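Novice: Supplied in structure tokens, the structure appears directly below.
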Amino acid sequence: MNDTDGPLGHTIVGGGPRRVVVLNDWLCDTSTWDAAEPYLDRERFTWAFTDLRGYGRSRARTGAFTLGEAVADVLRTTAALGWPRFSVVGHSMSAYVAVSLGQHHSDRVERIVLLTPPPPRGFGVDEGSLAAMTAAARDDGKRAEMIRARAAERLSPGWAALKSRRFVDTSAPEAAAAYVALFARDGLATPDAPLRVPALAITGEEDAPPMRRDATKASYAAIGGGHLEVVGLAESGHYPMQEMPPRTVALVERFLGA
């Protein structure tokens, strides 16, 4: 879809009164949630699994691949769905989209869930490392190897192989390359603006240290205030919806249904 003014590609699951937008991470479209989908409550919630530009159902959509663009796309998509109010689940880099919506669009957003969020100001990599990561994201072979290297210590070779294929198959190289700057260097556009909606962060305690519970509580303390709760999953890494699907769904639904 190349229409820059239309809704993002999405799939609706359920038909309940509580409406939730679920966004993808850098390494895959929202098929990351496939293992968790059977556990979703379809009576209380309507879930819109929504792929950002360059990914999955929105893979053919071109753009600048920036945070501001993604926020506008979510607002446009929910307007097209006829959802005046909704909650957002952001995973990894798309946690920034959820936070931005919670900072600046509390008239539309009810609650946000941040799954394994990166630090508000990004990871602060130097320009040389950023250039190397951006170049690797444009090369399918290097993209696959990137996953295998990250997963080798914790998860099975089969999971790493599947994740590598999904990264290559579900994301356009130019989109994957462009989004690197968002989490590796830039972070939130307004890292000091307070959250204005209730928020839950779910961390994996076997994830990279900056995304574990205590680090997340510290890095988001200034903007979270009394709005942010942080729950750490001791046996999970960066993909709780794949590593611990029933537990992750339970945490998300209890918070969003409160």
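The values are calculated or read from the model by the stated rules, or taken from the named source; none is laboratory data. On a predicted model such as this, the values are computed, not experimentally measured, just so you know. Counting neighbours? That spans all protein chains shown, and the Cβs are built from the backbone with ideal geometry, glycine included.
Novice: Within the stretch 107-119, can you find the residues that are assigned to a loop (DSSP other than H, G, I, E, B), within 16 Å of Val89 (Cα to Cα) and in contact (Cβ under 8 Å) with a residue 40 or more places away in the chain? Don't jump to the end; show me each part of the working.
Specialist: Filtering the stretch 107-119 down to residues assigned to a loop (DSSP other than H, G, I, E, B) leaves 107-108, 116-119.
Narrowing the set further to residues that are within 16 Å of Val89 (Cα to Cα) leaves 108, 116-118.
The answer is Thr116, Pro117, Pro118.
Novice: Moving to a separate point now. Output the qualifying pairs, or none if there are none: Cβ atoms under 6 angstrom, residues six or more apart or on different chains, first residue in the stretch 61-72 and under 15 Å from Asp186 (Cα atoms), second residue among the β-branched types (Val, Ile, Thr).
Specialist: These pairs meet every condition: Ala70/Val97.
Novice: Now a separate question. Go through (1) modelled with pLDDT of 95 or more; (2) at negative phi one by one and return the number of the condition Ala208 breaks.
Specialist: Condition not satisfied by Ala208: (1).
Novice: Restricting attention to the stretch 57-79, does a residue exist that is assigned to a loop (DSSP other than H, G, I, E, B) and of a type in the set (Lys, Arg)? I'd like the intermediate steps shown before the answer.
Specialist: As a first pass, look at the stretch 57-79 and keep what is assigned to a loop (DSSP other than H, G, I, E, B): 59-66.
Of the ones still in play, those that are also of a type in the set (Lys, Arg) are 59, 61.
Yes.
Novice: Going through Pro119, Pro17, Pro84, Pro38 one at a time, which residue ends up being closer than 22 Å to His227 by Cα and surrounded by fewer than 16 Cβ atoms within 10 Å (Cβ to Cβ)?
Specialist: Working: Pro119 fails: surrounded by fewer than 16 Cβ atoms within 10 Å (Cβ to Cβ); Pro17 fails: closer than 22 Å to His227 by Cα; Pro38 fails: closer than 22 Å to His227 by Cα.
Going through Pro119, Pro17, Pro84, Pro38 in turn, the sole match is Pro84.
Novice: Just give me the residues in the stretch 24-47 being part of a loop (DSSP other than H, G, I, E, B), more than 25 Å from Arg143 (Cβ to Cβ) and not acidic (Asp, Glu), in sequence order.
Specialist: The answer is Leu40, Arg42, Arg44.
Novice: Let me ask something additional. Would you confirm whether any residue within the stretch 166-185 is closer than 22 Å to Pro120 by Cα and among the acidic types (Asp, Glu)? Steps first, please.
Specialist: At the first step, the residues of the stretch 166-185 found to be closer than 22 Å to Pro120 by Cα are 175-185.
Narrowing further to those that are among the acidic types (Asp, Glu): none.
Checked against the condition, which is being closer than 22 Å to Pro120 by Cα and among the acidic types (Asp, Glu), the stretch 166-185 yields no hits at all.
Novice: Of all helices (runs of 4 or more DSSP H) completely enclosed by the stretch 195-258, which ones contain at least 3 residues that are of a type in the set (A, V, I, L, M, F, W, C)?
Specialist: Working: elements: 213-219, 221-224, 240-243, 245-256.
Where helices (runs of 4 or more DSSP H) fall fully within the stretch 195-258 and carry at least 3 residues being of a type in the set (A, V, I, L, M, F, W, C), they are 221-224, 245-256.
Novice: Next question, about the same structure. Select from the stretch 152-173 the residues that are more than 19 Å from Leu23 (Cβ to Cβ) and charged (D, E, K, R) and write down the one among them that is surrounded by the fewest Cβ atoms within 10 Å (Cβ to Cβ).
Specialist: Quick first cut of the stretch 152-173, residues more than 19 Å from Leu23 (Cβ to Cβ) only: 152-162, 164-165, 168, 173.
Checking the rest, the ones that are also charged (D, E, K, R) come to 153-154, 165.
Working: Glu153: 8, Arg154: 15, Arg165: 13.
My answer is Glu153.
Novice: Taking the stretch 101-116, which residues are surrounded by 24 or more Cβ atoms within 10 Å (Cβ to Cβ) and more than 15 Å from Ala258 (Cα to Cα)?
Specialist: Correct list: Leu101, Gly102, Leu114, Leu115, Thr116.
Novice: Still on this structure, please answer the following. Scan the stretch 120-136 and report the pairs whose first residue is within 16 Å of Ala177 (Cβ to Cβ) and whose second residue is surrounded by fewer than 16 Cβ atoms within 10 Å (Cβ to Cβ) and at pLDDT 95 or above, with Cβ atoms within less than 6 Å and a gap of 6+ or a chain change.
Specialist: From the stretch 120-136, no pairs qualify.
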